[in-house]
Structures are given as structure tokens and as C-alpha cells.
Amino acid sequence: MKSFFVAAATLAAAIPLMPAYASASEAASQQAPAKVSEAKAAFDLAPLPYAVDALAPVIDSQTMTIHHGKHHRAYVDALNKAVAAEPALQGLSLEQLVANAGTYAPTVRNNAGGHWNHSFFWNSMISPSKTGAQSPELLAAITKGFGSMDAMKAAFKQAGTGRFGSGWVWLLVKPDGALAISSTPNQDNPLMDVAEVKGQPILGNDVWEHAYYLNYQNRRADYLDAWWQVVNWDKVSQRYGAAVTNHDKRQ
Ligand code: MN
């Protein structure tokens, strides 16, 4: 089972990097012949990389079921509809749509962001018993950037509670290689041309009310505190390593 979860997580993490045509052809290859005509949508909703109750009690199974199956599904469906209606968008990868989000209609920016952000979010989390640990390199970068792990978490919480309305909080690697924390409104993210703080996200938390309201109601700060119990540090460390390697290659 472990290898399945690793493979599923790796595949899901790779999806945002895959061009749309690869995603569509994969979907087609998994469909029965009679359903091939339904497999033309550019983007797919990947299954969660764990069971819906894997994050309980931090995030309950009903929240996970609705958040993934209804909210994330709606972003994917709306994105596919927008792409199908606009020939200039066809064949572009999710990453390309996100990178140039500010040049497209709001529906593309919102739903491409919604799809990318949620795919990234599911893979940022894992069962509380499997969270792993920060790599020595990541821990050193956090200490260098924020003073300590606790100080980083405090800054992350401040960004999350300070986001008015709906949005996201990110830990990201900036173009200069340094770590930063930022918050984006709605479904924006640091990869977008419109982001105030740009860079490669390595961890993100959803602070829309739909992410926590059933369990935490208006207590967003409590959700932000509890959420660290399900952060997949092995995954975040892996993302940090990749972001720094990519940064070094650009030097
Ligand atoms: Mn959400």
C-alpha cells in the first residue's frame, strides 16, 4: 500500500507540470472505448492521495469529501468549460495558464488557480502519524529566513488570519532562493504573473471558509494552529530541494 500512496502522490504532484494534451491522452487511455468522446476535457480531478478520513480529527471526512468532490470538482469543470470555449487556450498546460493568469478572463484565472491550488494542497497534507520531518536543508533555510520553526509558523498564522475574506497562505522560495511567506486572495498563487510576492510554493493552506467551517466555524486561527499536525514535511522538503535545485540551475 505504501508504494501505491507514494506513486499516487508523485503522479498528483506531477500533474500541474504536465501539458494539457498529455493529461487528456492519459484520461483517454483509461476510458472504455465507448466513453472516449467524454475524455476530451483538458483537465482531470485526481483522487485524493489518501482516504477522506486520513486527516481526522484535524480535518474531518465530511469537509474533505465536500472540499475535494464538490469544490475542487467545480474548479476543474469550470476550467474545462472555459478552455473549451476559447481556442487560444487549448493545448496550454495548467502551469502555463497559471503563470499568465493575469492576461486571461477572470474565470480562467480563478479556476486554473483553483485547480492548481487544490491539487497542491491535497499533496501538502498527510495523516498525522505520517508527517515525516523537515530535511536538514529546509530546516536551515527556515531558521535563516525566520529565526526558528516557531517563528515561521507564527508568521504563517499571521498571514492566514490577516487575509480578509477568502484566499491562501504560502511558504515559497523566491526567485533569489530565499524563503518567504505570502498570502494571496481568492484562488491566486505565487506562480501567477499577478502575485505580489512571486516564487515557487512549497507549502500552502486554504483559508477559504469551506476548508474549515464545519469543524472550526469562525475560528480560522484554531484551524491554522491545528493544521500543522497534518503537514507532509517529507513532501515539503522534497519540494524545497527541487525549488532550490531549479534556482541553482538558473544562476
Ligand atoms: Mn478550497
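The values are calculated or read from the model by the stated rules, or taken from the named source; none is laboratory data. All values reported here derive from a predicted model rather than from experimental measurement. Note that each Cβ is placed from the backbone with ideal geometry, even for glycine, and that neighbours are counted across all protein chains shown. Each accessible area value is taken on the protein alone, full model and side chains, heavy atoms only, with ligands, DNA and RNA left out. Shrake-Rupley method; radii C 1.70, N 1.55, O 1.52, S 1.80 Å.
For the pair residue 105 and residue 186, label points projected 7 Å from Cα toward Cβ lie 1.3 nm apart.
Relative contact order of the stretch 128-250: 30 percent, from C-alpha pairs under 8 Å at least 6 residues apart in sequence. Whole-Hz Karplus values for the stretch 74-82 come out as 5, 5, 5, 5, 5, 5, 4, 5, 5 Hz, taken residue by residue from phi with 6.51 cos²θ - 1.76 cosθ + 1.60 and θ = phi - 60°; glycine and proline positions read x. Annotation: extensible slack from residue 164 through residue 85 equals 25.2 nm (criterion: 0.36 nm per residue apart, minus Cα-Cα distance).
Efficiency by 1/(1 + (r/R0)^6): what FRET value for residue 74 and residue 213, r their Cβ-Cβ distance, R0 = 22 Å, to the nearest 0.05? That pair, residue 74 with residue 213, gives E of 0.85.
Solvent-accessible surface of protein heavy atoms, probed at 1.4 angstrom with all chains present, puts 129, 124 in the order 129, 124, largest first.
Tell me whether the stretch 61-122 comes out rounded, prolate or oblate; compute the Cα gyration tensor, take square roots of the eigenvalues as a ≥ b ≥ c, and use a/c under 1.5 as the rounded threshold. Prolate, since a/c reaches 1.5 and a/b exceeds b/c. Using the Cβ of residue 236 as centre and a radius below 14 Å, the other residues enclosed give a net charge of +2, where K and R count +1 and D and E count -1.
For the residue pairs 81/174; 81/235; 153/174; 70/198; 157/249; 70/235, the alpha carbons lie more than 27 Å apart in 81/174; 81/235; 70/198; 157/249. The 1.4 Å probe gives accessible areas that order 142, 66, largest first, as 66, 142. Based on C-alpha pairs under 8 angstrom that are at least 6 apart in sequence, the stretch 61-122 has a relative contact order of 40 percent.
Backbone phi angles across the stretch 223-230, fed through the Karplus curve with coefficients 6.51, -1.76 and 1.60 (θ = phi - 60°), yield HN-Hα couplings of 4, 4, 5, 5, 4, 4, 5, 10 Hz in residue order; Gly and Pro are listed as x. Backbone N atoms of the stretch 222-241 closer than 18 Å to the 7 Å Cα→Cβ label point of residue 149 belong to residues 224-241. Modelled spin labels at residue 61 and residue 249, positioned 7 Å past Cα toward Cβ, are 4.1 nm from each other. For the stretch 128-250, the share of accessible area belonging to carbon and sulfur comes to 51 percent (1.4 Å probe, ligands and nucleic acids excluded).
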